[in-house]
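Only one structure is covered here, and it is reproduced in the block below.
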Amino acid sequence: MSKPSFVYVTYIRATPEKVWSAITEREMAAQYWGCHRNVSDWKVGSKWEHQRTDGSDAVDIVGTVIENERPRRLVITWASPSGAADPAKVSRVVFEIEPHKDEAVRLTVTHSDLEPGSEMLRGITQGWPLVLSALKSWLETGKPTPM
Amino acid sequence: MTDLARFKPKTVYVTYIASTPEKVWDALTRPEFTTQYFAGFAVDVEPKQGGAFFLRYPDGRVHISGRVIEWAPPRRFSCTWLIEGMPDFQGLPESLVTYEIEQAGGAVKLTMTEAHFWAVPDEVLAGGRSGWPAILSSLKSVLETGKALDIKMEPPAELVEAVKQAVATKPWLK
């Protein structure tokens, strides 16, 4: 049975570099990603962590950096810490940041290899539109969408 | 018209917008807004269930026509969509587009659902799947920044061929 994937496309008035930084710079994601930061040196093979910014530094998602073609393409694996050792529970996220005409980018997030029927699949289906809407608001207005 | 129960959701797009349900409703239903973000088309809708619905080119010609199925401001607007303005697409049957507008904390959650009553091939669904993110991203920018995005609407390469095939074989009649 093929593993489900979720694709979300948004257009943002920002440069590819700004979108890349918003996703990868340690304290930038914290501005809009629902109280989480993304921590990594982003070198291929390095690990990355999705950490809570509530003072606990608790890690909610872990993975490995698979591809880094700054600022156009970033590929990471994605799993909950308890599922990281089980290949069936490790999914893959591709961020594609393409310049669009003069002043916008098209950001395509493809989250694939998800476990059919899983909580993770349900969670990311709700989560990506929330996070990427907040990212767009933050880059275009300086404030995340107030949710 | 095709029995509503036969329409199944095929494409769903969700976006969260820093605005109010009333403003999002206006942006979806008033031409002074749609001309900014909806590829230049002006919406022309009779504001009631059963009302006539059009998306018009700047010169007034009809691009899309339909009927209002649900009119419940500011929460739910759905209407049928029949493509009239593009010759290759004219044989396709109607689809159903539904906008749901919900308060989500300090923002509005807008869910667009495109539904069809026949087994639409992915190559034909690709049209909406490439168009809706562009249109609704620009709508969000209009409401949050006052400025639409300059987006080139590029139909996917296989779309026209796939539509021609569908119109030739009319699988919805089988």
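Side notes on the structure shown:
- Using C-alpha pairs below 8 Å separated by at least 6 residues, the relative contact order for the stretch B:106-161 is 36 percent.
- Over the C-alpha atoms of the stretch B:59-113, the Rg to Rh ratio, Rh being the Kirkwood estimate, stands at 1.11.
- Rh by Kirkwood over Cα pairs, then Stokes-Einstein D for the stretch B:1-155 at 0.692 mPa s and 37 °C, µm²/s: 208
- At a probe radius of 1.4 angstrom, the accessible area of the protein assembly as shown per residue rounds to 46 square angstrom.
- The protein assembly as shown: Cα Rg divided by the 2.2 N^0.38 Å rule of thumb: 1.04
- Reachable aspartates and glutamates from residue B:164, criterion Cα separation under 15 angstrom, eight or more residues apart if same chain: B:84, B:88, B:122, B:123
- Shape box of chain A [Cα atoms, principal axes, largest first, Å]: 43, 37, 31
- Evaluating 6.51 cos²θ - 1.76 cosθ + 1.60 at θ = phi - 60° for every residue in the stretch B:106-112, the Karplus couplings come out as x, 10, 10, 9, 10, 10, 9 Hz, glycine and proline recorded as x.
- Ranked by how many other beta carbons lie within 10 Å on average, peptides A:26-39, B:38-51 from highest: A:26-39, B:38-51
- The length gained on full extension between residue B:20 and residue B:4, counted as 0.36 nm times the residue separation minus their Cα-Cα distance, comes to 2.8 nm.
- Solvent exposure, largest accessible area first (probe 1.4 Å, DNA, RNA and ligands not counted), of B:114, A:67: A:67, B:114
- Taking the accessible area of the protein assembly as shown, probe 1.4 Å, and keeping the other protein chains in place, the carbon and sulfur fraction comes to 53%.
- Mean residue ellipticity (222 nm) of the protein assembly as shown, computed from DSSP H runs ≥ 4 via -39,500 (n - 2.57), nearest 500: -8500 deg cm²/dmol
- Solvent accessible area, Å² - residue B:158, 1.4 Å probe, full protein context: 110
- The length gained by stretching the chain between residue A:70 and residue A:143 to full extension, at 0.36 nm per residue less their Cα-Cα distance, is 23.8 nm.
- Site pair residue A:41 and residue B:130 shows an inter-label distance of 4.1 nm when each label is modelled 7 Å from Cα along Cα→Cβ.
- Relative contact order for chain A, counting Cα pairs under 8 Å that sit 6 or more residues apart, in percent: 27
- Note on chain A: Lys pairs 8 or more places apart or on different chains, Cα atoms under 18 Å apart, count 6.
The values are calculated or read from the model by the stated rules, or taken from the named source; none is laboratory data. What you are looking at is a predicted structure, and each value in this text was computed from that prediction instead of being measured. Using ideal geometry, Cβ is built from the backbone for each residue, glycine included, and neighbour counts are taken over all protein chains shown. Note: areas computed on protein heavy atoms with side chains; ligands, DNA, RNA excluded. Shrake-Rupley method; radii C 1.70, N 1.55, O 1.52, S 1.80 Å.
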